[in-house]
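Peer 1: Quick one: this structure, given as structure tokens, is what I'll be asking you about.
Only the coordinates and a few stated rules stand behind these numbers; no lab work does. The structure presented is a predicted model; accordingly, all values stated were derived computationally and were not measured. Cβ placement follows ideal geometry from the backbone for every residue including glycine, while neighbour counts extend to all protein chains displayed.
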Amino acid sequence: MKIGLLALSGIRAYDPELLRLGLTLPGVLERGRVVASLPSLGLLYLAACTPSGHQVRYFETESDRSIPDELFTCDLVAINTFSAQALEAYAISDRLRAAGVRTALGGLHVSALPDEALAHADFVVIGEGENVWPILVRAVTRGTTQRLWNAADYPPVDARWLPVPRYDLLGSHAYQRFPVQTTRGCPWRCDFCASNVMLQQPYRKRPVAEVVRDIRAVLRLRKRPFIEFADDNTFVDKDWGKELCRQLIPLRVKWFTETDLSVADDTELLQLMRQARCRQVLIGLESPDATALDGIELKANFKRKRAGGALDAVRRIQAHGITVNGCFILGLDRHTPDIFEQVWEFAQQANLYDVQLTVLTPFPGTPLHDRLLAEGRILQPGRWDLCTLFDVNFQPRHMTVEELRQGLYWLTERLYTDDAQRQRRLPFFENLWKQHDEELTPEQFLAGI
Ligand code: B12
Ligand code: SF4
């Protein structure tokens, strides 16, 4: 068979005022450009697990969201779904099917809502794809009539033995970053977090040697790749994290990852991360008002317990020459309109190198979604296209929808101006210069962020 793998690329947001701001503010544009150009690791894993004897091609939607004509020449097309583009994915799948191409939908969104997806695809897969995909492909060649496939019905994916993702399928496309995974899942369980929804297994770390093997595979294709670890929370286990860093040092690649605040507790780890060329960690700070975090992490109230030391933790990490991208959620149940000023003050006081503003988003499958739906607080249920992290689709508890929107615009305009960014970033570079770092100029440093 000729098998096409289709990723829906780019970022999504619908709010017209936010789009207008995003088009004019440098900080938003900067991150948007980086983020828009990241291939789908999930599909590259599927490619690596496809049984031999099939022709496999990797595709992405074009910038105008159209799909390459070649997809219509495939026998089977696998599509990865996030909620924000699930409706687009369904429409594409409908078109392909109308043209006689069989389609398989997988990924986070359809794992949460498989029945909805069945109306738009020949096959729907729930959960991690590595073990179920090869069986599905063989079954399709035999003309299977089974449409719903659940990874839980097959041996669990063993993260110790993942294949090398098929980076070679990416050709010479100018990706700014290459995804590699070091861990799967997260030990915590935040009520709003969509990442854990489809993982039917606990937090898993990959053997460091396997991660190195994957980076070497990227290095064979690109001279100086920037690596984005497609993890949820890399440095939960500090000893393992140190070993990872030690083995990354000789590879001389710059990298980005997502982790939690506890990384700041371990100076040796921070030093090793810096030596291993970590350029940025994205951390979910969520709210400068710690009381708003109470009860949000469902296992141990982790977010609330850590919140008190957030300012110092950010400073400690950045003092080691690693920038922090602090992620905030606006509209948590205890947030009042004061939250916008508080976020501004925190960001400027902590000299946060990057700030990511999001609004509380009820992703399907999350406890938050079920709670807000039960409370009648989802404004347009089923509008998955609004699950962008930027569009408001719920009734906040202590402010109006309009107050939340206006607060987001106000903060966006203040935080991402050249002046505000320069003010936050300059101390970072002054510190680097003091440390006589080998890569001193902001230009050289920024080339990797
Ligand atoms: C890297 C990343 C991105 C990259 C994605 C690059 C790409 N083309 O895939 C970029 C930066 C572009 C991105 C953008 C966005 N992202 Co993002 N992103 C992630 C992140 C950190 C890792 C994803 C990843 O690579 N995982 C590792 C791979 C191996 O897993 P996977 O993709 O899920 O694939 C596995 C299975 O799902 C399954 N599978 C997937 N597809 C298929 C298909 C078939 C047929 C089969 C059989 C199996 C299968 O098998 C794979 C292997 O096991 C996740 C967090 C997370 N844990 O998922 C957030 C996450 C997916 N992003 C999220 C969001 C909200 C967005 C945006 C909407 C933000 C925005 N406003 O634009 C956009 C949407 C982009 C789009 N075009 O739709 C949410 C999505 C929640 C949801 N329910 O949709 C997440 C979960 C973050 C969060 N916690 O909120 N993102
Ligand atoms: S700590 Fe981050 S990745 Fe982990 S459950 Fe919470 S939001 Fe999700």
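Peer 1: Quick one: check the C-alpha center-to-center distance for region 208-285 versus region 416-436, whole angstrom.
Peer 2: 23 Å
Peer 1: For region 67-84, just list the computed ³J(HN,Hα) in residue order, Karplus coefficients 6.51, -1.76 and 1.60, θ = phi - 60°, integers in Hz, with x standing in for Gly and Pro.
Peer 2: Karplus-based 3J(HN,Hα) across region 67-84 equals 10, x, 4, 4, 4, 6, 9, 7, 8, 9, 10, 9, 10, 8, 10, 9, 4, 4 Hz.
Peer 1: May I pose another question? Compute the distance from the alpha-carbon center of region 327-342 to that of region 77-92, in whole Å.
Peer 2: If we compute the Cα centre of each part, the gap is 31 Å.
Peer 1: Please state the charge dipole magnitude for region 174-290, taken about the Cα centre, from unit charges on C-beta atoms (+1 on K and R, -1 on D and E), reported in debye and rounded to the nearest 20. Mind showing how you got there, number by number?
Peer 2: Numbers: 20 positive and 16 negative charges, 220 e Å.
My answer is approximately 1060 debye.
Peer 1: Another one. Mind checking which lysines have their Cα closer than 22 Å to the Cα of residue 205? Skip sequence neighbours fewer than 8 apart in that chain.
Peer 2: Straight-line reach from residue 205, under 22 Å: 238, 242, 254, 299, 303.
Peer 1: Name every cysteine in the chain that ends up alone, with no second cysteine's Cβ under 4.7 Å, or say none.
Peer 2: So far as the 4.7 Å Cβ criterion goes, 49, 74, 186, 245, 278, 327, 387 stand without a partner in the chain.
Peer 1: Can you give the angle from 0 to 90° between the axis of helix 401-415 and the longest principal axis of the chain, with both taken from C-alpha atoms, to the nearest 10?
Peer 2: 70 degrees
Peer 1: Which loop-located GluC sites (Glu not before Pro) does region 29-122 contain, where loop means any DSSP state but H, G, I, E or B and the Cβ has at most 13 other Cβ atoms within 10 Å? Please report the intermediate quantities before stating the final value.
Peer 2: On the way: sites: 30, 60, 62, 70, 88, 116; in loops: 62.
Qualifying residues, ordered by number: 62.
Peer 1: For the chain, give the share of DSSP beta bridges that are antiparallel, in percent and rounded to the nearest 5; count only bridges with both residues there. Kindly include the intermediate steps, with their values, before the conclusion.
Peer 2: Details: 4 of 47 bridges.
Of those bridges, close to 10 percent are antiparallel.
Peer 1: Let me ask something additional. Could you please rank 74, 193, placing first whichever residue has the fewest other Cβ atoms within 10 Å of its Cβ? Don't skip to the end; give the middle numbers.
Peer 2: Values: 74 22, 193 19.
Fewest-to-most Cβ neighbours within 10 Å comes out as 193, 74.
Peer 1: Just to confirm my numbers, what's the Cα centroid distance between region 128-162 and region 379-408 in Å?
Peer 2: What the calculation gives is 37 Å, centre to centre.
Peer 1: Quick one: what are the phi-derived ³J(HN,Hα) couplings along region 333-338, Karplus 6.51/-1.76/1.60 with θ = phi - 60°, whole Hz, x for glycine and proline?
Peer 2: 4, 8, 6, 10, x, 5
Peer 1: Positive end of the charge dipole of the chain (Lys, Arg +1 and Asp, Glu -1 on Cβ, about the Cα centre): tell me which of 139, 120, 421 has its Cα farthest that way.
Peer 2: With unit charges placed on the Cβ atoms, the residue in question is 139.
Peer 1: Apply the Karplus curve 6.51 cos²θ - 1.76 cosθ + 1.60, θ = phi - 60°, to the phi angles in region 355-363 and return the couplings in whole Hz, x for Gly and Pro.
Peer 2: For region 355-363, the Karplus-derived couplings read 10, 10, 9, 9, 9, 3, 10, x, 6 Hz, x marking Gly and Pro.
Peer 1: Give me, ordered by chain and number, the residues 5 or more places off residue 394 or on other chains with an amide H under 5 Å from its own placed amide H.
Peer 2: 379
Peer 1: Then there is this: Counting pairs of alpha carbon atoms under 8 Å apart in space and at least six apart in sequence, what relative contact order in percent does the chain give?
Peer 2: On the way: 825 pairs, mean separation 65.2, N = 449.
In percent, rounded to a whole number, it is 15.
Peer 1: Highest mean first, how do 214-223, 136-145 rank when packing is the count of other Cβ atoms within 10 Å averaged over residues? Before the final figure, lay out each step's value.
Peer 2: Values: 214-223: 15.3, 136-145: 13.5.
Order by mean packing, descending: 214-223, 136-145.
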